[in-house]
Structure formats: structure tokens, C-alpha cells
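Novice: One structure follows; several queries about it will come next.
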Amino acid sequence: MKKEQKLISPTNSQPVKKPNIFQYLNPKNLKLEMIRYGEEVSTSYYIKFLLACYFGLIAFAFVFKLQIPYILFIVVIATLFLPSTFLIQFRTMYEQKRFENVNAYLEQLMYSFRRQPKILTALQDTALLFAGDDNKELRVKIEAAIQYIQNGVSEGDLYREAFEIIEEDFGCKRMYKIHNFLRQVENAGGECNESIEILLLDRNLWVNRIASLIQDKKKVRINVSISIGLSFLITLMSLYMLPDDFQIVEKAPSQLVTTFVFLANGAIWYIVQRILSKSLLTADGNVPFNELKRAYNIVMHGNLKEKQKKINVIAGLFLIGAIAMYFFFGTQIAVALGIFSILIFTQPKRQLKNAKKRIAKEVEKAFPDWLMALSLQLQTDNVHVAIMKTIPDAAEILQEELLRLQDNLETYPNSLEPYLQFFETLRIAEVTSAMKMLYAMAELGTADSQEQIKGLVNRNVNIMDKAEKMRMEDELAGISFAMLAPMLTGVLKMIVDLILVMTYVLSMIDIA
């Protein structure tokens, strides 16, 4: 529960509050951020960067025939964002390095734990992997966690608190999942080899997704840069095709639009770079339950029949209004009101359908994690007790249904119905299949439980991998729309210049 909440925190991977882009104008803040990225850049290098940017801006502005006041305005605006722009290239490399370090940490941690299932020993083995200075940031956290365990002073769960030291700066969904699993083995005991194999498979799929995401981000950067270049080319063509004697380029509207093209294209490039340089560790994090709560309540607690009755009254009033409009004002208004009444009438069902789709997707993502925890617990407990013990650490979206399942099992311990009622509203085939299997294990024994659950979790992990890939592709598709924006700025410049030409020609005709 706590882990899920921690994952959704916007400061999860970087808990220390960072300066905003304008605070980077202070060289001290800029230097501190560079140190956090593990980079040491000399003052002379930064000054050369600024001079190169200013020279390029001014030279570019003169090519676009901008006047001095407009050039100065562009330089002032650019000055506010140049320090942050300077950081972006290092932030991208920093996030890739953090991902690589976390990936290596999780892999070594699981292999060491499989060899000897003790968290302290696994952390000590893993710390040796990060002995180099380049990995100092993560190594310090691992060593602090080791020290915390060795001191043995705990406020509740020693290993949870120790892992939270590492998660503070490097927390991500896979890390939370693996840490929770190791804690459960340490506390409950049992055979863990098969579960670790599933976790390693899940990690491999995660690594492949992130590697693909990095390549897709590079493509987006290139495409947006090409689009901005074409926008500037259109602007140049518009400027140099105008006859000099028209003196349109010198007019305020033309100067203003050219300045806008400069700033808009620069803003598009900057925003895209900022978005693409975000943390890779949280790229496939779960959606916060707070964002799903409304949809969850609609699906799990909504009363469609009662809501539909109220909606029917409103839709009926609009339908009566549409009939009245037909006799008094004609067909167009009547048709509009009729369509509106149909939309109102179908709104509850459409809302429920969309909410079901969203909640089902999140349940499908969280369910394999719970099954994995359950498979470990089943090594020492029966099905009913294992379900009860896994509820506290289950994803929040599962907890209400798991509690209901537990209550129903206490009332009807030998019935199949409690298992079938688990998220029965969503009708997810994989979930239903898993619950039937749990019922069979509860009634017939758990001799082959590990093999059965391993196959089920393995299949669900692959399904989850496909869902995560689609979600990442959807996010990048949204950013890819930025490729269209620079072209619109170039077209706007051409339209304004065309209007100015037409105005000039018409004024000359009036004079003649």
C-alpha cells in the first residue's frame, strides 16, 4: 500500500526539491544541479555555450530580417531558458545512467538472494558491484541500507525501512515489487527460486521496454527538429519572396509574426526536450489510485438503473422540446435537440463502459503482482490464510475486492462463489481462471500449486508487458503531435505576409 503511494509521488525519484528554471539563472544553483547529475563542467565551457547560443540567435535573427528591438526581445527571453536548456542534455544522460544502475542493482540483488536467501548478504554482494566512483550515488544508498540492517534498530519492519533508504532516490515499480518479495521471503521463509525466475523475466521485459522507449524518444527528437527546420524554411521563403519595394518585412505585423515564429518554435523544442528527458525509472509506473477512484466507484459501487431513471427524465424533456421545436421553429433546431437527448440518454452506459475499460486495464496490471506474492505465501500456508496475509501489501485497487473475498471465504469456506465473485463485474478471463485455480487448490490440495501459479503469472506478465508497451506508445504519440505545431507557425507567417501584400496592393489601386 505504502509502496504504491510512494510510486505515484512526483518527487519519488528525486525527493529533494529542485530549483525552477528561473533559479538556474543563479550559477550556484546550476552548479549544484550539475553536481547532482555527476557532471563537472568548467565555467569556461558554460560561457562558451552561452556565447555560441547568443551569436547563433543574433545571426539567425538578422537572416530573418528582424529589427534590433525584436532581436533584443528574443535574446532576453532566450536568456531565461538557456541555463535549463544547457542542463537538458546532461539530464538525459543522467536518467539513462540511473536506469542502467538500477537495472544492474536489481539483477545482482536477485541472483545473490537466490544463492543465499538473506537480504543483508544480498545487499552486501550487490554493493561490491558499485565500487567505482561513477556509481557513488547508488552505492552510498546501498551501504546506508546495509548499515541500517546491521544496527538492528527498527520502528516496525526493519527490512522495509532499510529498502526505503534506497527507494528514496531510486524508487520505481520494479524495485518496489522485488523489495517486497525479498521481505516476504525473509520474514516467511520458503522456496523462492521459481518466483525469482518470474521476477527476472519481468525485469527483462521491463529493460526491453525501456530500451525501446529510449530509441523512440530519439526518433521524436529528430522528427521535431526536422519539423522546426522546415518551419523556419517556410518563414525564410515567405520573407525573401516578397519584393523589397513593398517594404512589408519592415512593418510591425511582419516583424511581430516572425518574432512569434522564433519564440514558438523555440518553446516547442524546449518543451519536447523537457518531456523526453523525464525519469526512465517511473516511465511505466502504475496510475495513482486517486486518479482511478471515480471510475472505480462507478464500476464497483455505481447504480446504473437508478442513474438511468433520472437521465431518462432529462432526456425525455429534451425530446419533448425537440418535437415542439419542429412545429414552431423548423427541422434544424429539432434535430439538434433530438441528437442531444439521445446523447444524454446513452451517457450513463457510455460512462460505465469507459470506466470498466480503464479499471480492467489497471486490475490486469496489478493482479500478477498479487499472484506472485500469493505463490510465495502458499509455500507455508493454505489458500485462505495466504490470501489474508497478502492483502496489506496488495495494490490499492485490489484491496477492497480481496477483503470481500476474505469475508466471503469465512462465511462460505467450501464454495466456489466467493472466488467467482472476485471482480465479477469486469469479467477478466485471466482473473477468473486464476480464482478457479485457487479454489481447486483450496479444495484438492497444493501439490502442484507452484507450477500452476508459475504458468499463470508467467502468462499474465507477458500480457502486462503488452499493455505497458501500448501505454508508452500512447504517451509518445501525444508528444509526436508537437511535430505539427512548427509547421503551423510557418504557415501563420505566410498567411500574415499574404494579407500584408494584399493590403498593399489594394492601397496602391485606391491611390491610382
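The values are calculated or read from the model by the stated rules, or taken from the named source; none is laboratory data. What you see is a predicted model; the values in this text were computed from it and never measured. With ideal geometry, Cβ positions are generated from the backbone for all residues, glycine too; neighbour counts draw on all protein chains shown. Areas reflect the complete protein model, heavy atoms only, side chains present, ligands, DNA and RNA absent. Shrake-Rupley method; radii C 1.70, N 1.55, O 1.52, S 1.80 Å.
Novice: Mind giving me the FRET efficiency for GLN124 and ILE35? R0 is 35 Å, r the Cβ-Cβ distance, nearest 0.05 is fine. Walk me through the numbers on the way to the answer.
Specialist: On the way: r = 28 Å, r/R0 = 0.80.
Computed FRET efficiency for GLN124 and ILE35 comes out at 0.80.
Novice: Report, in deg cm²/dmol and to the nearest 500, the calculated mean residue ellipticity at 222 nm for the chain, where each DSSP H run with n ≥ 4 adds -39500 (n - 2.57) and the sum is divided by the residue count. Write out the running numbers ahead of the final one.
Specialist: Details: 19 runs with 403 residues, N = 512.
Calculated at 222 nm, the ellipticity per residue is -27500 deg cm²/dmol.
Novice: I'd like the trypsin sites (Lys or Arg not before Pro) in region 354-453 restricted to DSSP loop residues with at most 11 other Cβ atoms within 10 Å, sorted by number.
Specialist: Details: sites: LYS356, LYS357, ARG358, LYS361, LYS365, LYS389, ARG404, ARG427, LYS436; in loops: ARG427.
Those that pass, being in a loop and sparsely packed, are ARG427.
Novice: Against the empirical 2.2 N^0.38 Å scaling, what ratio does the C-alpha Rg of region 179-275 come to? It would help to have the intermediate numbers written out before the result.
Specialist: Values: Rg = 26.9 Å, N = 97, 2.2 N^0.38 = 12.5 Å.
Dividing the Cα Rg of region 179-275 by 2.2 N^0.38 Å gives 2.15.
Novice: What order do MET241, MET110, MET508 take when sorted by accessible area (1.4 Å probe), most exposed first?
Specialist: Final ranking, largest accessible area leading: MET241, MET508, MET110.
Novice: When the chain is fully extended, how far beyond the present Cα-Cα distance does LEU25 get from VAL335, taking 0.36 nm per residue of separation?
Specialist: 105.7 nm
Novice: With only Lys, Arg, Asp and Glu charged, each at its Cβ (+1 for the first two, -1 for the last two), find how big the charge dipole of the chain is about the Cα centre; round to the nearest 20 debye. Intermediate values should be presented prior to the final figure.
Specialist: Numbers: 57 positive and 54 negative charges, 237 e Å.
Once rounded to the nearest 20, the dipole reads 1140 debye.
Novice: Would you mind calculating the gained length between ASN462 and GLU100 on full extension (0.36 nm times residue separation, minus the Cα-Cα distance), in nm to one decimal? Write out the running numbers ahead of the final one.
Specialist: On the way: separation 362, 0.36 × 362 = 130.32 nm, distance 2.22 nm.
This chain segment gains 128.1 nm when fully extended.
Novice: What are the ³J(HN,Hα) couplings of region 146-156, residue after residue, when phi is run through the Karplus curve with 6.51, -1.76, 1.60 and θ = phi - 60°? Round to Hz, x for glycine and proline.
Specialist: Computed from phi, the couplings for region 146-156 are 4, 4, 5, 5, 5, 5, x, 9, 9, 8, x Hz.
Novice: Taking the dipole about the Cα centre of region 332-471, with the C-beta of Lys and Arg at +1 and of Asp and Glu at -1, give me whichever of LEU376, THR411, ASN354 is farthest to the positive side.
Specialist: Value computed over the given set: ASN354.
Novice: What is the spin-label model distance, in nm, from ILE58 to GLN421 if the labels are put 7 Å beyond Cα along the C-beta direction?
Specialist: With each label point 7 Å from Cα toward Cβ, the separation is 7.7 nm.
Novice: So which chymotrypsin sites (Phe, Trp or Tyr not before Pro) in region 278-346 pass both tests, a DSSP loop state and at most 14 other Cβ atoms within 10 Å of the Cβ? Spell out each step's value before the answer.
Specialist: Values: sites: PHE289, TYR296, PHE318, TYR326, PHE327, PHE328, PHE329, PHE340, PHE345; in loops: PHE329.
Qualifying residues, ordered by number: PHE329.
Novice: Give the label of the value calculated from the structure for P(r) over Cα pairs in 20 Å bins from 0, in percent, choosing from (1) 17, 38, 31, 13, 1, 0; (2) 17, 31, 24, 18, 9, 1; (3) 24, 56, 19, 1.
Specialist: (1)
Novice: Let me ask something additional. Modelled label-to-label distance, GLN150 and HIS301, 7 Å Cα→beta-carbon offset: nm?
Specialist: So the two model labels end up 4.9 nm from each other.
Novice: Moving on to the next point. Hey, if you put +1 on the Cβ of every Lys and Arg and -1 on every Asp and Glu Cβ in the chain, which of ILE178, GLN150, PHE423 ends up farthest toward the positive end of that dipole?
Specialist: PHE423
Novice: Post the alpha-carbon centroid distance, region 162-176 to region 277-338, in whole angstrom.
Specialist: Here the two parts' Cα centres lie 40 Å apart.
Novice: Put +1 on the Cβ of every Lys and Arg and -1 on every Asp and Glu Cβ in region 184-288; which of VAL224, ALA267, THR235 then has its Cα farthest towards the positive end of the dipole?
Specialist: After comparing all options, I get THR235.
Novice: For region 374-392 and region 226-263, what is the centre-to-centre distance using only Cα atoms, to the nearest Å?
Specialist: 69 Å
Novice: Taking 20 Å as the cut-off for C-alpha to C-alpha distance, list the pairs among LYS97/LYS278; LYS177/LYS219; LYS353/LYS436; LYS173/LYS278; LYS219/LYS361; LYS218/LYS469 that go past it. Can you show the working numbers first?
Specialist: Values: LYS97/LYS278 13 Å; LYS177/LYS219 31 Å; LYS353/LYS436 26 Å; LYS173/LYS278 16 Å; LYS219/LYS361 28 Å; LYS218/LYS469 17 Å.
Violating the 20 Å limit, Cα to Cα: LYS177/LYS219; LYS353/LYS436; LYS219/LYS361.
Novice: For ASN193 and LEU498 in one chain, what is 0.36 nm times their gap in residues minus the Cα-Cα distance, to one decimal in nm?
Specialist: The ASN193-LEU498 span can extend by a further 102.6 nm.
Novice: Also, quick follow-up: Whole Å is fine, so just give me how far the alpha carbon centre of region 183-217 lies from that of region 43-58.
Specialist: Their Cα centres are 45 Å away from one another.
Novice: If you take the beta carbon distance between ARG471 and ALA429 as r and set R0 to 25 Å, what does 1/(1 + (r/R0)^6) give as a FRET efficiency, to the nearest 0.05? List each step's numbers first, then the result.
Specialist: Working: r = 20 Å, r/R0 = 0.81.
Step by step, r from the Cβ atoms, then E = 0.75.
Novice: Turning to a different aspect of this structure: At 1.4 Å probe size, with no ligands or nucleic acids counted, give the accessible surface of LEU488 in Å², nearest ten.
Specialist: Estimated to the nearest 10 Å², LEU488 gives 120 Å².
Novice: Using C-alpha positions alone, give me the convex hull volume of region 342-440 per residue in cubic angstrom.
Specialist: Working: hull volume 10.2 nm³, N = 99.
Roughly 103 Å³ of hull volume per residue.
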